Amino acid sequence: MGSRASSLLREEDIEEIKKQTGFSHSQITRLYSRFHSLDKGENGALSREDFQRIPELAINPLGDRIINAFFPEGEDQVNFRGFMRTLAHFRPVEDNEKNKDPTSGEPLNSRTNKLFFAFQLYDLDRDDKISRDELLQVLRMMVGVNISDEQLGSIADRTIQEADTNGDMCISFSEFTKVMPGKAIDITADLQNGA
Amino acid sequence: MESYLFPFDSLICMLLGISFTVLFTLLLVFIIVPAIFGVSFGIRRLYMKSLIKLFEVSELMLSIISEEVWIIAKEPVSLEQEIQDMRRGGAEPEFDMSDIFYFCRRGVESIVDDEVTKRFTAEELESWNLLTRSNYNFHHISTRLTALWGVGVLIRYGFLLPLRVTLAFTGVGLLVVLTSIVGLFPNGRMKNYLSDKVHLMCYRICVRALTAIITYHDSENKPKNGGICVANHTSPIDVIILASDGCYAMVGQVHGGLMGVIQRAMVKACPHIWFERSEVKDRHLVAKRLSDHIADKSKLPILIFPEGTCINNTSVMMFKKGSFEIGCRVYPVAIKYDPRFGDAFWNSSKFGMVNYLLRMMSSWAIVCSVWYLPPMSRMEGEDAVQFANRVKAAIARKGGLADLLWDGGLKRGKVKEVFKEEQQKLYSKVLVGSSEDCSRS
């Protein structure tokens, strides 16, 4: 199974993905192998069910939101490119700019892009604002049945109060970036290269 | 003019046919007779040593680019600890928007690599063993290596496979016939003795049919009557490997077809435990039949694979507690295959039984080690699940396998919601602090 997988990925594709995402050659082939092993239908794309087959992801309270982040708006399948683009957000932030392609703008694993990824986990309807309802829904996912509605509501209100600077009772992306501690962003950087 | 050639043709064909048949029969006799008496000429071990040399040679020929080691920094830190570390420093139990990063990271880590799904596919090798099926990312294969591979294909498919298939048919055929004959004897010591001998002989022939080279360790701990033998499960071949060194009572579902014929014949010679499909669901019935069998000391030890499904021999997954509730001595056995010679794992979602057996018979060999561990019994105050986990840990340790808590049933089924609820509960504690009583625990 493995040999067929690596032969379907052409060198040009690997080069392009390398430029776009910054992953190394061997990381890309490794992840392609992983992509292929998750793709039970063998149609070159992953569906939501393919992700849910991973037990450790299925028991993650935010599992569904994370899976959703891989799928573009309204689509049910993600191909390898899309898969890599999303994973690229979790590469370590690079201080030197050697991978930066001037035409493509910021690299996918920049601080801003990482924060935007997290922002989208909260922003369920993708209207670039986190409303009280959306915050409540995500909170409910994380705590299950263990906290009452009133308590959860007050937690949500407090959070919005702290973050909201322009008084619209929603959290915009810029307000979001201000309340995020610097340490949190570094913690997303967990896909590393070893020697 | 053609008529002159015909007699020659047929004569040559006849001579070739006869010599081939004679050679083949001699070979079979040479292999089967030692099997009957349980002796070995050591040919298989010689074969294994030459294969190892072959792999070393091919490894030199194969230019392997040293791959970057993939690291996911995964330290086993608790949920609370990690979230505290992430926050700005205020230690009050409260929500912080960055908490989402914890779940995010865990989620992405499991997408990139998780402990469970990789146990249900064949183990990857570090170096190529000249089988196309185990060629993963080995590029840059030189012509010499391809030639070597070609020779390997000829040997394996042209010589070994037909030989093995013939042996397999002989072994199974003899098993059915001889056990039926033994079944005609009256119950007693003579019958048990004959049944043991017959079973052992036929399993030994099957072992040779797979060119299985097995090393048994600690045979003084071999299972005795009135106990249950538990082992980790990688493939149906596990049964043949264990049963060629000792006599066991098998447990299983009644099948139709050839399997059914074999099952019915076996049970004539000595008592095995076959369940109807409908009976399998009834746990009390299953437990009762097992305990009845064990209570009778004249009956053979029962062989059970508590994982319930085939795992790829890199780990041991959750043991089902049924066999550990019975309350008798448990004899753990660890089986570890050497994947260089042939991958024994049966990926039942990819290959059917016949396909699997053909793959087995066209590999180089099946090399494995069997460790008989000292018997264990349930201790005071230990429940069946804890006992099962203790046995599992012992087997994993001895065989050098990873000890996982995950259920082998995840191969096909979904994970239970209760695990997600545990995660949610843990996080809720972080939010509101464990002093406040807000949930039933």
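Under the condition of being assigned to a strand (DSSP E or B) and farther than 16 Å from B:Glu279 by Cβ, the residues counted in region B:242-261 number 1. Candidates in region B:238-269 are the residues that are charged (D, E, K, R) and within 21 Å of the chain's Cα centre (by Cα); of these, the one that is farthest from B:Asp196 (Cα to Cα) is B:Asp238.
Close Cβ contacts (under 7 Å, 6 or more residues apart or on different chains) running from residues in region A:151-177 that are farther than 21 Å from A:Gln120 by Cβ to residues that are modelled with pLDDT of 85 or more and open to solvent by 20 Å² or more (accessible area, probe 1.4 Å) comprise A:Leu152/A:Leu136; A:Leu152/A:Arg140; A:Gly153/A:Leu136. If you check B:Lys425, B:Lys416 for being open to solvent by 20 Å² or more (accessible area, probe 1.4 Å), closer than 16 Å to B:Lys321 by Cβ, within 11 Å of chain A (Cβ to nearest Cβ) and without any contact (Cβ under 8 Å) to a residue 40 or more places away in the chain, only one passes: B:Lys416.
In region A:122-135, the qualifying residues are those that are over 16 Å from the mean Cα position of the chain (by Cα) and either within 17 Å of B:Phe101 (Cα to Cα) or open to solvent by less than 40 Å² (accessible area, probe 1.4 Å) (or both), and the one that is farthest from the other protein chains (Cβ to nearest Cβ) is A:Ser131.
Within region B:360-381, the presence of a residue that is facing chain A (nearest Cβ under 10 Å) and touching a residue at least 24 places away in the same chain (Cβ under 8 Å) is excluded.
Please work out if B:Phe103 is open to solvent by less than 40 Å² (accessible area, probe 1.4 Å), within 13 Å of chain A (Cβ to nearest Cβ) and closer than 30 Å to A:Leu139 by Cα. Considered against the rule, which asks whether it is open to solvent by less than 40 Å² (accessible area, probe 1.4 Å), within 13 Å of chain A (Cβ to nearest Cβ) and closer than 30 Å to A:Leu139 by Cα, B:Phe103 comes out as yes. Contact map, region B:109-120: residues that are farther than 13 Å from B:Asp407 by Cα and at the interface with chain A (Cβ under 7 Å from one of its Cβ atoms) paired with residues that are open to solvent by 10 Å² or more (accessible area, probe 1.4 Å) and polar (S, T, N, Q), Cβ distance under 7 Å, separation 6+ or inter-chain. No pairs are found. Note on region A:35-82: residues that are in a helix (DSSP H, G or I), at the interface with another protein chain (Cβ under 9 Å from one of its Cβ atoms) and under 17 Å from the mean Cα position of the chain (by Cα) total 11. Of the residues making up region B:224-243, those that are open to solvent by 10 Å² or more (accessible area, probe 1.4 Å) and at pLDDT 90 or above are B:His233, B:Val239, B:Ile240. The set of residues from region B:286-298 being open to solvent by 60 Å² or more (accessible area, probe 1.4 Å) and either in a helix (DSSP H, G or I) or closer than 12 Å to B:Gly252 by Cα (or both) comprises B:Lys288, B:Arg289, B:Asp292, B:Ala295. Would region B:19-32 turn up any residue that is under 28 Å from the mean Cα position of the chain (by Cα), at pLDDT 80 or above and exposed (fewer than 10 other Cβ atoms within 10 Å of the Cβ)? Looking for residues that are under 28 Å from the mean Cα position of the chain (by Cα), at pLDDT 80 or above and exposed (fewer than 10 other Cβ atoms within 10 Å of the Cβ), one finds none in region B:19-32, hence no.
The values are calculated or read from the model by the stated rules, or taken from the named source; none is laboratory data. Nothing here was measured: the structure is a model prediction, and the numbers come from that model. Reconstructed Cβ throughout: ideal geometry from the backbone, glycine too, with neighbour counts over all protein chains shown. All accessible areas refer to the heavy atoms of the entire protein, side chains included, with ligands and DNA or RNA removed. Shrake-Rupley method; radii C 1.70, N 1.55, O 1.52, S 1.80 Å.
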